[in-house]
Amino acid sequence: MSAAREQILARVRAALAPLTRRAPPPEWDDASAVRRGTRDAADPWALFAERLRAVNGTPLTATADLVALLDAGGWRHGYCDPALWPRLRDAFPAPFTVETAFDRRRIDDYQFGITAATGAIAESGSLILSDRDTSSRLAALAPWVHVATLRRDQIFVDIPAAIAALPADPNVIWVTGPSKTADVEGILIEGVHGPGRQVALLLEP
Amino acid sequence: MARQRIDAYAARIPADTRAAVYLGTKTTHEKRTLLLADHFADADRLRRWAGEVKQHVLENLDTYLPQVEARLQANGAQVHWASTAEEACAAVLGIMQARGATKLVKSKTMVSEEIGLAPYLEQRGIEALETDLGEYIVQIDKDHPSHIVRPIIHKNRREIARSFEREGLGAYNDDPETITRRARQFMRHKYLAADVGLTGANFVSAESGRLVVVTNEGNSRFSLAAPRCHIALVGIEKLVPRDRDLVLFLNLLARSATAQQLTVYTEFISGPKLAAQPDGPEEMHVVFVDNGRTEVLAGDCREILRCIRCGACLNVCPVYRQASGHAYRSVYPGPLGAVLSPLLAGGNFAEKADLPKASSLCGACNEVCPVNIPIPDLLLRLRDRGKREHAAAAAAGTPPMGAWARLASSPAAWKASLAAGRVLNILPLGLIPVPALRAWVAKRSVPAWRGGEFRKWMRRRTRP
Amino acid sequence: MPADRQLPGADRRVQLMATCLCDAFFADAARATVEVLEHLGCVVEFPEGQTCCGQPAFNGGDWTASRRVVRHAVRTFAGELPVIVPSASCAAMLFHGALLEFEKEPDLPAVRQLGRRTWELADFIVNALGIKAWAGRLDARLAFHRSCHARGTDTGAAAVALLSSIAGATVVPVGEAEQCCGFGGIFSVAFPHLSTSMGALKLEHVRAARPDLLVGVDMSCLMHLGGLAEKAGQPIPARHIAQVLRDALKNGGLL
């Protein structure tokens with residue numbers, strides 16, 4: 001393969017050699033690239049919640065509301081990050097059964113997965129997940145409902161801030177609402193390979 | 001004179017295919033326009049900046065490619081290089097064979113179409129399953145995608161339902177939700193059984209070595225959550241200089257492609273999984289693919305390499321809307337394809353030289369391009385090349401212009417024809433054996449010839 | 001469009017490039033152009049040796065043939081005067097297209113010099129002569145077709161500003177206005193199915209706006225759309241903007 005490397009790089013150099021001048025990068029400013037109504041929003045959580053609802057995500061501020069939502073949907077068996085479970089356990093009454101290890105051989109058993117978010121972006125209503133903070137990539141992806149827990153101080157107002165703060169993590173993913181497709185006649189269907197419900201649960205200290 | 005193939009194709013496509021393509025493209029285009037105006041005070045400035053960033057990368061690729069390779073290796077990824085489609089396929093095969101792997105799941109990457117990866121692997125006993133719903137349907141139908149973002153824009157639900165039934169995914173049911181749920185159920189077990197997840201990359205940051213992969217379905221994420229090995233196929237032009245530049249591109253890509261602010265999943269991958277993470281690849285490979293791109297870089301159409309594969313040009317193009325993607329006989333259709341496909345054909349340029357002719361040069365494509373590619377100018381350059389290389393496909397339907405040029409550089413000859421042309425007012429135009437005239441007259445009337453009238457009037461007016 | 005275009009001198013002397021289409025078919029559009037320019041105080045020269053801007057061969061890919069014709073235009077329009085063209089596509093050929101095909105030619109500077117002096121008519125009236133509103137009267141619903149070569153120039157805005165300002169005139173919006181009419185030069189005969197399909201779609205949108213007149217800045221588009229409509233038995237009155245501006249002046253007793 002290194003023969004190909006040398007050939008390709010040599011061809012690139014030869015292609016660019018005749019240029020008397022190489023195009024410089026432009027000076028561009030973040031502010032022009034931020035969506036209207038973002039930077040002047042009063043409360044990042046409120047803006048995040050509004051933009052998340054706009055993509056059919058579900059922002060919640062109380063664990064009791066989460067339990068009610070899961071119960072109403074008939075989703076009573078799921079997974080929770082073991083580091084989060086002690087804090088949440090008391091809110092989940094008897095019919096709920098929750099595992100703190102995700103067994104991928106029984107992937108269809110889990111109706112919901114609760115993991116911790118690394119951050120969020122108010123501008124787009126996106127949750128930020130990372131390998132360090134997500135106890136299982138599959139638990140956050142495969143069940144019908146994904147719940148990401150979030151703290152206020154984790155919310156970035158806009159995309160430039162979130163990019164500037166990309167953690168040194170091999171895998172960071174922004175999740176903006178439930179999975180979807182419009183491949184069949186352009187008709188929007190939610191819940192394709194990923195969750196059909198995306199919840200963000202704000203946990204106050 | 002031979003007929004242009006794309007025109008003939010457009011005349012033959014079924015009415016409901018044309019209607020599906022027209023509706024799908026127009027709807028997305030109009031939403032895109034509204035969204036950009038709603039979200040930004042000056043979206044055009046963002047497009048121009050993004051274009052300049054990409055032009056800068058292309059003109060400094062000799063610096064950025066080694067830089068990105070070093071970053072990727074420092075992050076724990078293995079970097080491979082492939083000059084040709086064959087080498088790229090062989091690289092993927094080699095990685096799989098080294099692992100004793102026989103099952104691969106792939107998310108959408110046009111480069112994999114370009115190199116013919118799935119058939120190559122299937123012929124060598126490897127299951128290479130498309131996971132994007134549209135691409136999966138294309139695969140089971142042994143069809144080709146007709147749009148780079150909406151691969152089955154040309155299909156309706158009934159055709160899809162029949163295909164699913166044939167594949168054993170259930171009795172005929174053409175409800176879109178049912179179709180989607182069946183794909184969900186079927187695919188998740190395939191991800192879990194696969195050894196390797198293959199993706200493309202929408203962008204690669206030369207600064208950090210991060211790959212950025214965007215989807216709505218979650219299929220690329222699943223391909224990176226279940227299997228233990230990740231292979232990314234990346235065209236050498238997919239680089240951006242810094243992480244910061246991703247702000248521009250991420251803001252423009254989804255809005256241009258699907259009229260969304262962001263796709264559901266925007267994944268930043270800089271290496272194999274963290275040790276403590278139970279899911280995901282332990283091994284990561286990046287295959288940088290040339291396959292003709294360096295030749296394009298060396299030529300006078302290098303701006304086409306800025307393309308971020310959003311499909312906005314397809315959606316606005318009046319020719320694409322009438323003809324549909326398959327008319328272009330290429331992996332890349334539409335305005336993008338009309339430039340890129342003949343160029344990537346290398347020695348077979350002549351075969352695709354008609355693609356740049358299939359355009360009225362309206363310029364709507366450039367107007368929507370998030371990286372401001374001057375597509376009409378590039379089409380014109382390719383027409384010049386098609387003529388100089390005597391490509392028959394380009395010449396079809398085009399009247400020879402040599403005699404006209406002589407006429408139009410001789411005022412005496414020109415004025416004589418202005419007078420002589422009056423004969424057109426009395427001759428039956430449909431019978432005159434000039435192909436161009438007959439093509440016109442079939443559906444359009446010809447205005448009255450008034451050659452010489454204005455000049456006579458002007459002479460009288462300016463005479464003292 | 002060149003950033004540094006040449007404005008007319010105090011004497012408002014200009015050269016007229018009538019365009020090959022007006023020379024052959026649309027004499028009245030060329031006449032109206034002269035009448036309008038003279039009404040605005042211009043002295044209009046018509047170099048008799050003119051023929052064509054070279055665009056048909058340029059678009060067709062025969063750049064050798066096209067360059068021959070452009071060179072003839074450079075010689076014919078020699079000098080320093082602004083060159084006014086009642087066609088957005090011919091104007092764009094001279095200030096943009098020609099620069100591409102002369103990129104490697106020694107006489108590129110002469111071609112560029114001509115391009116810098118070239119103005120499409122509506123753009124010239126509004127942005128060189130500073131006319132903000134048009135005098136006269138025309139009681140009509142006008143559907144304006146902004147030809148594709150006006151993209152990226154000030155022509156479309158200038159034309160709409162002039163038309164909207166005419167007393168009695170209403171400029172009616174046309175659906176999918178950004179979509180091409182399908183003419184495209186040689187495209188119209190090399191890809192006849194595509195060309196006429198695009199044209200039929202455009203006519204549908206135009207008719208839905210119920211205009212009295214279809215107005216454009218390019219006779220090529222109007223020849224294609226008008227020809228399609230007439231052959232289909234549903235003719236639609238089409239005029240060049242110069243004709244509309246002239247007729248408004250006449251109606252107002254100013255010409």
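Observations, loosely collected:
- When residues of region A:168-183 are limited to those that are within 7 Å of another protein chain (Cβ to nearest Cβ) and out of contact with any Asp or Glu (no Cβ under 9 Å at 6 or more places or on another chain), the one surrounded by the most Cβ atoms within 10 Å (Cβ to Cβ): A:Val175
- Residue match in region B:269-283 (condition: at the interface with chain A (Cβ under 10 Å from one of its Cβ atoms), of a type in the set (Ser, Thr, Tyr) and within 17 Å of B:Ser223 (Cα to Cα)): yes
- If you go through region B:43-63 and pick out every residue that is farther than 20 Å from A:Ala15 by Cα and facing chain A (nearest Cβ under 7 Å), you end up with 3.
- Subset of region C:197-222 [in contact with a helix residue (DSSP H, G or I) (Cβ under 7 Å, 6 or more places away or on another chain) and either more than 17 Å from C:Ser164 (Cβ to Cβ) or without any contact (Cβ under 8 Å) to a residue 12 or more places away in the chain (or both)]: C:Ser197, C:Met198, C:Gly199, C:Ala200, C:Lys202, C:Leu203, C:Asp218, C:Met219, C:Ser220
- For A:Ala162, the requirement of being at pLDDT below 95 and within 13 Å of another protein chain (Cβ to nearest Cβ) is not met.
Quick grid of which residues meet (1) surrounded by 24 or more Cβ atoms within 10 Å (Cβ to Cβ); (2) in contact (Cβ under 8 Å) with a residue 24 or more places away in the chain:
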residue: C:Gly54; (1), (2): yes, yes
residue: C:Ala57; (1), (2): yes, no
residue: C:Arg68; (1), (2): no, no
residue: C:Arg71; (1), (2): no, yes
residue: C:Val83; (1), (2): yes, yes
residue: C:Ala92; (1), (2): yes, yes
residue: C:Leu99; (1), (2): no, no
residue: C:Trp119; (1), (2): yes, yes
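- Identification of strands (runs of 3 or more DSSP E) wholly contained in region C:92-176 with 1 or more residues that are not assigned by TED's automatic domain parsing to the domain that holds C:Thr64 yields C:137-145, C:167-172.
- Just so you know, in region B:343-367 the residues that are assigned to a loop (DSSP other than H, G, I, E, B) and among the small types (Gly, Ala, Ser) include one that is farthest from the chain's Cα centre (by Cα), and it is B:Ser360.
- Any chance B:Asp44 is within 30 Å of C:Phe187 (Cα to Cα), in the same structural domain as B:Lys238 (by TED's automatic domain parsing) and free of Cβ contacts under 8 Å to residues at least 40 places away in the same chain: yes
- Output for region A:193-205, where each listed residue is modelled with pLDDT of 95 or more and either over 15 Å from the mean Cα position of the chain (by Cα) or within 10 Å of chain B (Cβ to nearest Cβ) (or both): A:His193, A:Gly194, A:Pro195, A:Gly196, A:Gln198, A:Leu203
- In this structure, B:Arg455 qualifies as among the basic types (Lys, Arg), surrounded by 15 or more Cβ atoms within 10 Å (Cβ to Cβ) and over 23 Å from C:Pro235 (Cβ atoms).
- Being in contact with a helix residue (DSSP H, G or I) (Cβ under 8 Å, 6 or more places away or on another chain) and under 30 Å from B:Leu382 (Cα atoms) is not true of C:Pro47.
- Close contacts from region B:341-353, counting a first residue that is at negative phi and a second that is aromatic (Phe, Trp, Tyr) and assigned to a helix (DSSP H, G or I), with Cβ to Cβ under 9 Å and a gap of 6+ residues or different chains, come to B:Ser341/B:Tyr328; B:Pro342/B:Phe349; B:Leu343/B:Phe349; B:Lys352/B:Tyr328.
- When B:Gly311, B:Gly235, B:Gly292 are screened for being within 21 Å of the chain's Cα centre (by Cα), at positive phi and in contact (Cβ under 8 Å) with a residue 60 or more places away in the chain, only B:Gly311 passes.
- Any hit, region B:244-258, residues being farther than 16 Å from A:Ala162 by Cα, part of a loop (DSSP other than H, G, I, E, B) and either not assigned by TED's automatic domain parsing to the domain that holds B:Glu69 or not hydrophobic (A, V, I, L, M, F, W, C) (or both): no
Listed here are the residues, each with its yes/no results for (1) surrounded by 12 or more Cβ atoms within 10 Å (Cβ to Cβ); (2) more than 7 Å from every other protein chain (Cβ to nearest Cβ); (3) within 39 Å of the chain's Cα centre (by Cα).
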| residue | (1), (2), (3) |
| --- | --- |
| A:Ala4 | yes, no, yes |
| A:Val12 | yes, no, yes |
| A:Thr20 | no, yes, no |
| A:Pro26 | yes, no, yes |
| A:Asp30 | yes, no, yes |
| A:Arg35 | yes, no, yes |
| A:Thr38 | yes, yes, yes |
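The values are calculated or read from the model by the stated rules, or taken from the named source; none is laboratory data. Computed from a predicted structure; not experimentally measured. Note that each Cβ is placed from the backbone with ideal geometry, even for glycine, and that neighbours are counted across all protein chains shown.
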